[in-house]
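Just below is one structure, and these are the notes that go with it.
The values are calculated or read from the model by the stated rules, or taken from the named source; none is laboratory data. Keep in mind that what you see is a predicted model, and the values were worked out from it rather than measured. Heads up, the Cβs are rebuilt from the backbone with ideal geometry, glycines too, and the neighbour counts pull from every protein chain shown. These area figures cover heavy atoms from the full protein model, side chains too; ligands, DNA and RNA do not enter into them. Shrake-Rupley method; radii C 1.70, N 1.55, O 1.52, S 1.80 Å.
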There are 4 protein chains.
Amino acid sequence: MDFTSDNSAGVHPAILDAVVAAARPQPAGYDSDSWSARLDPAFSGLFGAPVRVFAVPSGTAANGLGLAACVPSFGAVLCHGDAHVEVDEAGAVPFFTGGASLMHVAGAHGKLSVDTLTAAAARRRGDVHQVQPAAISLTQATESGTVYTPDEIAAIGSWAKARNLAVHMDGARFANAVAHLGCAPADVTWKAGVDILSFGCIKNGGMSAEAIVVFNPALAATLPVRRKRAGMMPSKGRFAAAQLLAMIEGGIWLENARDANAGARRIALAAPARLLHPVEANEVFLRLTAAEREALRALGFTFYDWELDGPEAARFVVRWDQDAAAIDSLSSALAKLG
Amino acid sequence: MDFTSDNSAGVHPAILDAVVAAARPQPAGYDSDSWSARLDPAFSGLFGAPVRVFAVPSGTAANGLGLAACVPSFGAVLCHGDAHVEVDEAGAVPFFTGGASLMHVAGAHGKLSVDTLTAAAARRRGDVHQVQPAAISLTQATESGTVYTPDEIAAIGSWAKARNLAVHMDGARFANAVAHLGCAPADVTWKAGVDILSFGCIKNGGMSAEAIVVFNPALAATLPVRRKRAGMMPSKGRFAAAQLLAMIEGGIWLENARDANAGARRIALAAPARLLHPVEANEVFLRLTAAEREALRALGFTFYDWELDGPEAARFVVRWDQDAAAIDSLSSALAKLG
Amino acid sequence: MDFTSDNSAGVHPAILDAVVAAARPQPAGYDSDSWSARLDPAFSGLFGAPVRVFAVPSGTAANGLGLAACVPSFGAVLCHGDAHVEVDEAGAVPFFTGGASLMHVAGAHGKLSVDTLTAAAARRRGDVHQVQPAAISLTQATESGTVYTPDEIAAIGSWAKARNLAVHMDGARFANAVAHLGCAPADVTWKAGVDILSFGCIKNGGMSAEAIVVFNPALAATLPVRRKRAGMMPSKGRFAAAQLLAMIEGGIWLENARDANAGARRIALAAPARLLHPVEANEVFLRLTAAEREALRALGFTFYDWELDGPEAARFVVRWDQDAAAIDSLSSALAKLG
Amino acid sequence: MDFTSDNSAGVHPAILDAVVAAARPQPAGYDSDSWSARLDPAFSGLFGAPVRVFAVPSGTAANGLGLAACVPSFGAVLCHGDAHVEVDEAGAVPFFTGGASLMHVAGAHGKLSVDTLTAAAARRRGDVHQVQPAAISLTQATESGTVYTPDEIAAIGSWAKARNLAVHMDGARFANAVAHLGCAPADVTWKAGVDILSFGCIKNGGMSAEAIVVFNPALAATLPVRRKRAGMMPSKGRFAAAQLLAMIEGGIWLENARDANAGARRIALAAPARLLHPVEANEVFLRLTAAEREALRALGFTFYDWELDGPEAARFVVRWDQDAAAIDSLSSALAKLG
C-alpha cells in the first residue's frame, strides 16, 4: 500500500508493447527512425498547433534543457520557492544554463500569481549589478497538488510577455492538471502564453522518456545541439519516441491521469478537515500528527512526511495503477482517525 | 543490407525480457530498486574487483560525466584526434566538465602510444598560462576498429600515473575488444591502469542504457550528484539497471561481440588489399573508389563514406544481429570488385 | 557633499606614489616582478601566519574567484540574503564556480549566526537531489554596517568545520571592521576559522586592486590557474601588487578605516533615534521619510535610498577622505530634522 | 638589454599623468564618471564609426569576454593553432563562453587565409553531432610578428559573413599593425568585416587597461552584464578609462608602436638570413643555434627560445621604450654572428 510517489508506478501495457515493437533492428540511428519522425506531428495534433518535440530521459533533463533554451547564463528564472527545479533537481538549472539563478516567488498552495511575481520582480533593480529575470517557470499541476486555471496562466503569461520573459511550464503532472480541468491542452499552454513545456510521462505510466514540447519556435533553435551535447540524443532514439507516441496517440495520458486523480479525490473525501491544499490532481497533503502517521504506517501504508508544509504534514500520491483496495483501505483508515 | 552502424541493431531478447519484467509497479523510485542495487556487485564480479557503476542514457553521457569526474574545468584531456569525444559528441566534454579542453594526440590506426602522448605533452609548457592535461581518454576498440593489447594499455597507464593523469576509456565497443583479445575484462582495465570506463551496451544489443564503471574509488565521489544534476538519474531507475544486468549476467555482451567481430573478419577476408586498418573488432575500413562505392550501393548495401580516412575510404560496421546472408553478399560483392 | 559610496573616494597619496614608482620599465612580466614577490610575505606579516595572496581587479572578482576555490560547481554557499555576492555581483558566484548556488540565511543587522545557519541548513536534506552547501560566506563589516566580534566568527567557524564547510569572508570593508574592533587581523580571520578573505582596498583609498588572502593552503592550489583563466593575471602585475603593498606596509589601511568610521559615528550621534542598525563601521542607515530625504537632498547631500531596509531607509557612507565640513553639515542637518 | 616581452615596458608619461589626475575623489562609482563617459565617443572618433568600448584589465579578459559576445557555449572559434587564445590564455575562451571550443586553422607566418579556413571548416560536418564554428578569431599583428593587409582581412571577413560567423580580432599589438600599414584603423577593422576588437594598450605604454571595441552593435548587448559578472567592472572605473583615453587622444598609441616597429626593423636588417618570419611589427623571430643563443645571453641579452617555430628559434620583442643602445648592441652582436 505504497503512496510514496508516482515514480513507483508500473508501465502501461500499450507503452510496453510499443517498446517491444521497436526492438527489432532499424537501419536508422539517433532520431532518424520513423517513430522519432512522428513526434512533432503527433504532439502538434494533441496541442492543435505546430510544436517541436524533444525526447529526454527525465523530468530534470526536460526542465534543465528547456530552461536553457529560455535563459542566458547570466539570467534568472522566477519560480515558486517549493518548485521542483529549486528543491529537487540538484542545481540542474545552473548546470544546463551555464550559471543562471533561480529567484523565489511566494504563493499559496504552490501557485505563482501576478501579485507575487510583481512583488518578487520589484525586489530587483534593473541595472547591471543584479541578475535579471529572463523566464518564469510554473508547475502544472503544482508541487502542492493544485492546478492553475487557464485564466490564471493567461494572466501570468500576459505579465511575462509585457516584460519580455519566457514562460516555462514544468508539467511533470501536466496530464493530471488537464484531466482535472477538462480543458484542451492548448488552453493551459500556448493559448495562455506558455512557450515551452516539460510534458511528463514517466510518473503517468511511462517508462524512461519525457517530452520537451516547444510552442515558441524561436526557443527550439538551440535545443537539438544542447540535447546532443548533454548526452540526451540516444543512438537508438526510437525507444524514447515510441513511448511518447504510445502515451498520447491512444489517449492513455489522459485516462491514466483521470484514474490517479479520482483516487486522490476519494482519499481527500475521507479526511476533508485535514487537507493542507485543495486536492486537484493526484496528490493529497494532510495534517497528521506524528502518532497518526505512525499508526498509518503500522497498518502498512507508506508515504512521505512533507516538511515543506510543516512538521505535521504528510504527502500521499496516487498512481495511475494504484490498487483500488489500497485506496479504500487508506480512506477507511483516515476516516477512523477522525 | 545495412552496414552503416551498430546503432541500427536490434535489442537482444534477454534484455527485452528484463525490461518487460521491470514494468510492473515497484515501491522504489530513482535508484532504490532491487535491480539498481545489483549493479555494483554484478559488475564487480565481471571485473574481479570492487567497482561503482552508474547507468546513463548514452555513450556521450558516459564519456562526458566520466571525464567530469577526472578533469577540473581548467584542465585538458589527451585524446586521439579522431576520438568520438572530439569528433562526434558536440562538445560534451566542455559541457560536463564546465570548460575543459581536448588536446589531440596522433597515432596510427586510432591508437595512442607512449611516444605520441609524450610528443603531445611536450608541446605544452607546465606553467599557468597553458591548459594542463589532467586525464587521458583512449577508445577501446578504437575509432579505426583496432584493439589495444593489455600491454599497450599498461604502458599508457604507467605513463599516465607517473604524470598524475587519470585514465579514461571510451568503451562503446569494449565488448568487441575483449572478444578479440580473449582476455579477462580486468586485463585491459584496472590491471592496466584504467580508472574509469564507459562500458557500451546500446550498440551491442542493448536498448537505452550504458554504464560508467569506476575502478578508482576516488573518482566515484562526485558522480552521484553530477549524474542527478545532469538529469540522468531516472525516476524509474530500474529500467536502465535491468538492461545492464541482463547484458552482463548472461554473458550476452561477449557473445554478441564475438558474433559481430566474426562478421567483420569475414568481410575483411574478402578484400584484404583494401583494408585501411587491421580488422580487430566489428568495423571494416576499406579503400574504395567513388565508382566502386556507387556500385555497392546500387546492389543495396548501405555504409558511410569515411572522410577521416581520406576521400576513398568507406566504413562497414557489422552488428551483433547482422544477417549472415548480408555478410555473404557483401563479401562476394567485394571479392568481385577485386 | 557626497555620501553615496566609498567608491567615490580618492586614492591615498602613498598608493599613488607606489603606482608612479612602478611605472618605469621592468624586465619582469606577469607576477615575476619584485612587488608581486613581496605580497605573500607582507600579508603573512600582517596576519601573523603564512598566507597566499592573489591580486584581483575588483571585489566581485575577489569573491567570485575566492569562492570558486571553496565550492564545486554542484555545491552551494550559505550567505545572508542581503550579501553583496547575492545582491550586487550579477551572478559572479555561479559564473566563477561553474554553477554553484547561493542559499539565503536570515540574520538581524546583516549578520549570520549559528542559529540562523542551523535553520537554513535544516531546510535541506542531505541527499543527492538537493544542492549541498560547501561553504559559508560572511561579510565583515556587514552590508548593514555592523561588525562581527571574534567570538561570533569563531562560533560560525566551528559550526562550519564540524560540517566540512569552507569559511569565506567578504572583506570589502575588512579594514573598517578591524578598526572598530581594535583587534589583530588574525583574530577575526584564521584564528576564528576563516579560510579565505577578500581583503578590500579600493573603497579604502586604493585604486584598482583588491587582494584574495588565503589562510587554508589547500584552497590556494587552484587559484593561480583560475585567476589566469579569468583574465585577472595582468601582464604588468607590478601595478596591482604595488598598490596592495603600499596599503598595508604603511598602515594606511587601518588609518583610513579609522577616519571613515569616526565620521560615521559622528553622523550616528546626530540622529540616534533614526538608526536602523548599530553603526560600527563607515555606513549609517537611517529611517527618513520621503520628505526628509528630499529636504536633505535639497541641501546638497547625496545618498542612496535603501530599499533592502524598507521604504523609509537611506544609506550614508563615509569615505576615508570625506570632508570634515560635509560630515558636520550632515550632522547638523540631521539634528535639525529632529 | 631585455628583449623578452613588451610586457616589460614602462608606462608612457601621459598615461601616468592621466592616472594621477583621476586620483582625486569623484562622486561617481563604477562607470558613471566623466572619463568612462568619453570612451565611446573617443574611440568612435578614432575608428570613424560609432563603437561601444569596454575597459578590461588584461588581453586575456578582452579576448575571453569579446568572444563570449560572439559564440554560444556550444559553438567553436576558428583560430590559428599558434593563437594566443589557444596557446597562452589557460582556457579563457571556454571559461568565458561556458564551454566553446577552439578549432585550429593552419597558416604560414601566423596568418589565417580563406584557403586554410575553408580547409578547416570542411573537416567538420554541419550536423548536430559536431561543434559548429560561430566565429573567427584572427590576431593583428600575428603571433609571428606579421601583419594582415586590409585586403587579406576583407577576404576573411567576406568568407565569414557568408557563413554567418562573427569576426573577432585579437589586437594585443593592433597599434603595431596599423603603424606598419599606415592605414586608417577602420581599414583593418569594421570596413574589412571585423565585428569586435581587443585593442591592446598594456604592451604599448599602458598600465593596466585594455579595450574591447565593438563595431557590430548586436554584439554589444550582453557585454555590460558579462563584464560585471566577471568582476571586470571596477568600482573606480575612472582609472581604466583615463588610461585608454590618454593612449588614443594624444596619438601615443601610434607613436609608441612606430618606435617599437622601427627598432624591430633595425634588428631584422642585421640578420636578414636568419629571419623566420617577415618583420612587420615589433617582434623578430630568428634562427639561432643553441650555441649562438648562449653567446648572445652571455653578452647580456635576454629573450625567449621559441619552440613553436622549432628547436632553433628565438624571439626578440622590441618595446616602445626600448633603449636605442640596446637595439644597436643587439644588431651588432647579430651581425657578428654572421
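A compact table of results
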{"read-out": "Answer from D:Pro50, D:Pro72, D:Pro25, D:Pro41 - the residue that is under 27 Å from D:Ala166 (Cα atoms), open to solvent by 20 Å² or more (accessible area, probe 1.4 Å) and in contact with a strand residue (DSSP E or B) (Cβ under 9 Å, 6 or more places away or on another chain)", "value": "D:Pro72"}
{"read-out": "Out of D:Glu152, D:Glu143, sole residue that is at pLDDT 95 or above and within 22 Å of D:Ala313 (Cβ to Cβ)", "value": "D:Glu143"}
{"read-out": "Which numbered condition B:Phe3 misses (of (1) in the same structural domain as B:Ser198 (by TED's automatic domain parsing); (2) farther than 23 Å from A:Met232 by Cα)", "value": "(1)"}
{"read-out": "Residue list for segment B:122-136, filter: within 28 Å of the chain's Cα centre (by Cα) and at pLDDT 95 or above", "value": "B:Val131, B:Gln132, B:Pro133, B:Ala134, B:Ala135, B:Ile136"}
{"read-out": "Among the candidates C:Val114, C:Val105, C:Val85, C:Val131, residue that is assigned by TED's automatic domain parsing to the domain that holds C:Arg229, of a type in the set (A, V, I, L, M) and in contact with an Asp or Glu (Cβ under 7 Å, 6 or more places away or on another chain)", "value": "C:Val85"}
{"read-out": "Some residue of segment A:281-293 being within 14 Å of another protein chain (Cβ to nearest Cβ) and either in contact (Cβ under 8 Å) with a residue 40 or more places away in the chain or open to solvent by less than 20 Å² (accessible area, probe 1.4 Å) (or both)", "value": "no"}
{"read-out": "Single residue of segment A:75-92 satisfying the filter (in contact (Cβ under 8 Å) with a residue 40 or more places away in the chain and surrounded by fewer than 21 Cβ atoms within 10 Å (Cβ to Cβ)) that is farthest from the other protein chains (Cβ to nearest Cβ)", "value": "A:Asp82"}
{"read-out": "Residue in segment B:100-107 that is within 14 Å of chain A (Cβ to nearest Cβ), open to solvent by less than 10 Å² (accessible area, probe 1.4 Å) and of a type in the set (Gly, Ala, Ser) present", "value": "yes"}
{"read-out": "Those residues of segment A:294-317 which are open to solvent by less than 50 Å² (accessible area, probe 1.4 Å) and farther than 23 Å from A:His80 by Cα, in sequence order", "value": "A:Ala295, A:Leu296, A:Gly300, A:Phe301, A:Phe303"}
{"read-out": "Pairs where the first residue, in segment D:311-334, is without any contact (Cβ under 8 Å) to a residue 60 or more places away in the chain and the second is among the basic types (Lys, Arg), C-beta under 7 Å, 6+ apart", "value": "D:Glu312/D:Arg287; D:Ala313/D:Arg287; D:Ala314/D:Arg293"}
{"read-out": "Residues of segment B:244-254 satisfying the condition of being touching a residue at least 40 places away in the same chain (Cβ under 8 Å) and either part of a helix (DSSP H, G or I) or at positive phi (or both)", "value": "B:Leu244, B:Leu245, B:Ala246, B:Met247, B:Ile248, B:Glu249, B:Ile252, B:Trp253, B:Leu254"}
{"read-out": "Tabulated pairs, segment C:12-26, first more than 8 Å from chain D (Cβ to nearest Cβ), second open to solvent by 30 Å² or more (accessible area, probe 1.4 Å), C-beta under 6 angstrom, 6+ apart or interchain", "value": "C:Ala14/C:Gly250"}
{"read-out": "Residues of segment B:282-333 that turn out to be assigned to a helix (DSSP H, G or I) and either more than 18 Å from B:Asn261 (Cα to Cα) or of a type in the set (Ser, Thr, Tyr) (or both), as a count", "value": "16"}
{"read-out": "Matching residues in segment C:111-127 - criterion: being surrounded by fewer than 24 Cβ atoms within 10 Å (Cβ to Cβ) and part of a helix (DSSP H, G or I)", "value": "C:Val114, C:Asp115, C:Thr116, C:Thr118, C:Ala119, C:Ala120, C:Ala121, C:Ala122"}
{"read-out": "Test: residue in segment B:217-232 that is within 14 Å of chain A (Cβ to nearest Cβ) and over 24 Å from A:Gly98 (Cβ atoms)", "value": "no"}
{"read-out": "All helices (runs of 4 or more DSSP H) inside segment D:128-243 with 2 or more residues being open to solvent by 10 Å² or more (accessible area, probe 1.4 Å) and touching a Leu at 6+ places or on another chain (Cβ under 9 Å)", "value": "D:150-162, D:223-229"}
{"read-out": "Identity of the residue in segment C:164-213, among the hydrophobic types (A, V, I, L, M, F, W, C) and within 14 Å of chain D (Cβ to nearest Cβ), that ends up farthest from D:Arg24 (Cα to Cα)", "value": "C:Ile212"}
{"read-out": "Filter pass, C:Lys161 being closer than 30 Å to D:Phe96 by Cβ and either charged (D, E, K, R) or at pLDDT 95 or above (or both)", "value": "no"}
{"read-out": "Criterion: in contact with a strand residue (DSSP E or B) (Cβ under 9 Å, 6 or more places away or on another chain), closer than 23 Å to D:Ala160 by Cβ and among the hydroxyl-bearing types (Ser, Thr, Tyr) - qualifying residue of D:Ser235, D:Ser198", "value": "D:Ser198"}
